[in-house]
Amino acid sequence: MNRKDKGSFIIIVLIIVLIVSVLAAITFGNAQLTLQDVYSVLGYEIFHFKGLESYGKGAIHDVVWLIRFPRVMLALSVGMGLSICGVVMQAVVKNSLADPYVLGISSGASLGATIGILFGFGAVFGSNFIGIMAFLGAVLVSFFVLLIANIGGTVNAGKLVLSGMAVSAVCTAFSNFALYLANNDNASAEVMFWVMGSLAGAKWSQILVILPVMILGTILFWIQSRSLNLMLLGDEVSITLGTNLHRMRNFYLVVCSLMIGFCVYAAGTIGFIGLIIPHAVRMCVGTDHKKVIPICALTGAIFLIWADVFCRIILKNSELPIGILVSLIGAPCFIYLMVRQSYGFGGSNR
């Protein structure tokens, strides 16, 4: 099997695994439902099969269609988005340790959410104002990092990383200062739970916006795979090949910031996915972004779907914040990847 056929085969297998994962994940939860109940609700809502009208309303319908299914689709969307942004961020800053929050986006989102929870800012946005404040914080901070990195000349990978670290430290300091001033145990607990990430608030109204954004972002970056490959070689090499990556780098960062902002808005801050998934995929298929991007999107979606399943069932009558579980899985995996001698970032495309 040649390289192209191998990549296509992996993508087809992952699509099948993703479909099976979605259908299986809906059957898990604290509410004891039979497989017939679950799939009858899906059959009525999706395909409008005759004879299943009784499953169009009631408690079983609400659990499956309004709670479990949106949650699984949100996990799919967020897992896809964070994985793709991780791939792009690592190429843009040419740093294998980069993840979607390398520009301080996580800290910006936390600051926005903290201000919303503690002081009620953004209440005019309605019941979802905390998520919207987090979204605004993530996007504004990423733009601010770009502005700082562009001061004094053309932006480069080193300036981006340093600017992100500096802005992240400032945002974290303001968040902690706000928590200290508020001195509100209930609000502090809410901030901490939100920062640890959760998919429990999934709604169809969110999915109908977030999923198309993630799919379009994935397609965009897949089309731009050649430019991302050039970024691994460095700006000097790309210029000799007739491509100036300065504008492309800024554009990619803006798109990533918007994608991450939507993820943060819906699910809080979930780390490590954008770090671990790209590394694992590159170990299997090499560093060519034409293969890495679609495989990362599918793998990230599958990973977060099953991580959320375990969060729902690991504690009886309770739910583990998904950020905790992902970190418990991601940290050991990352250590393993670091000690492997056979893997190098930006190596030859296999």
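The values are calculated or read from the model by the stated rules, or taken from the named source; none is laboratory data. Predicted model only: the values in this text are computed from it and were never measured. Because the Cβ atoms are built from the backbone with ideal geometry, glycine has one as well, and the counts that use them run over all protein chains shown. Side chains are part of the model used for accessible areas, which takes the heavy atoms of the whole protein and leaves out ligands, DNA and RNA. Shrake-Rupley method; radii C 1.70, N 1.55, O 1.52, S 1.80 Å.
Divide by every residue of the chain the summed helix terms, -39500 (n - 2.57) for each DSSP H run of at least 4, and state the resulting mean residue ellipticity at 222 nm, rounded to the nearest 500 deg cm²/dmol. Provide the component values of the computation, followed by the final result.
On the way: 14 runs with 242 residues, N = 350.
After summing the helix terms and dividing by the residues of the chain, the value is -23500 deg cm²/dmol.
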Taking N as the number of residues in the chain, what value does Rg over Cα atoms divided by 2.2 N^0.38 Å take? 1.02
Can you work out ³J(HN,Hα) from phi for every residue in the stretch 226-232, in order, using Karplus 6.51 cos²θ - 1.76 cosθ + 1.60 and θ = phi - 60°, giving whole Hz and x for Gly and Pro? 5, 5, 5, 4, 5, 4, 5
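Strictly over 22 Å apart at the Cα level, which of 50/203; 57/203; 203/290 would you flag in this model? Intermediate values should be presented prior to the final figure.
Values: 50/203 26 Å; 57/203 17 Å; 203/290 32 Å.
Pairs exceeding 22 Å: 50/203; 203/290.
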Please give the solvent-accessible surface of residue 246 in Å², to the nearest 10, using a probe radius of 1.4 Å with every protein chain present. 50
Considering all projection directions equally, how large on average is the shadow of the alpha-carbon convex hull of the stretch 1-144, in square nanometres? 13.7
For q values of 0.19, 0.21, 0.24 Å⁻¹, compute log₁₀ I(q)/I(0) with the Debye formula on a Cα-only model of the stretch 81-181, without solvent. -0.90, -1.01, -1.17
Probe 1.4 Å, accessible area per residue of the chain, Å²: 47
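Tally Lys/Arg at +1 and Asp/Glu at -1 over every other residue whose Cβ is under 14 Å from the Cβ of residue 61; what's the total?
Details: positive: 57, 68; negative: 37, 45, 53, 62.
It works out to a net charge of -2.
Give me the tail of P(r) for the stretch 41-86 as a percent: Cα-Cα pairs with distance above 13 Å.
On the way: 623 of 1035 pairs.
Of all Cα-Cα pairs in the stretch 41-86, 60 percent lie more than 13 Å apart.
Roughly to the nearest percent, how much of the accessible area of the stretch 93-206 is carbon and sulfur, given a 1.4 Å probe?
On the way: 3760 of 5440 Å².
That share works out to 69 percent.
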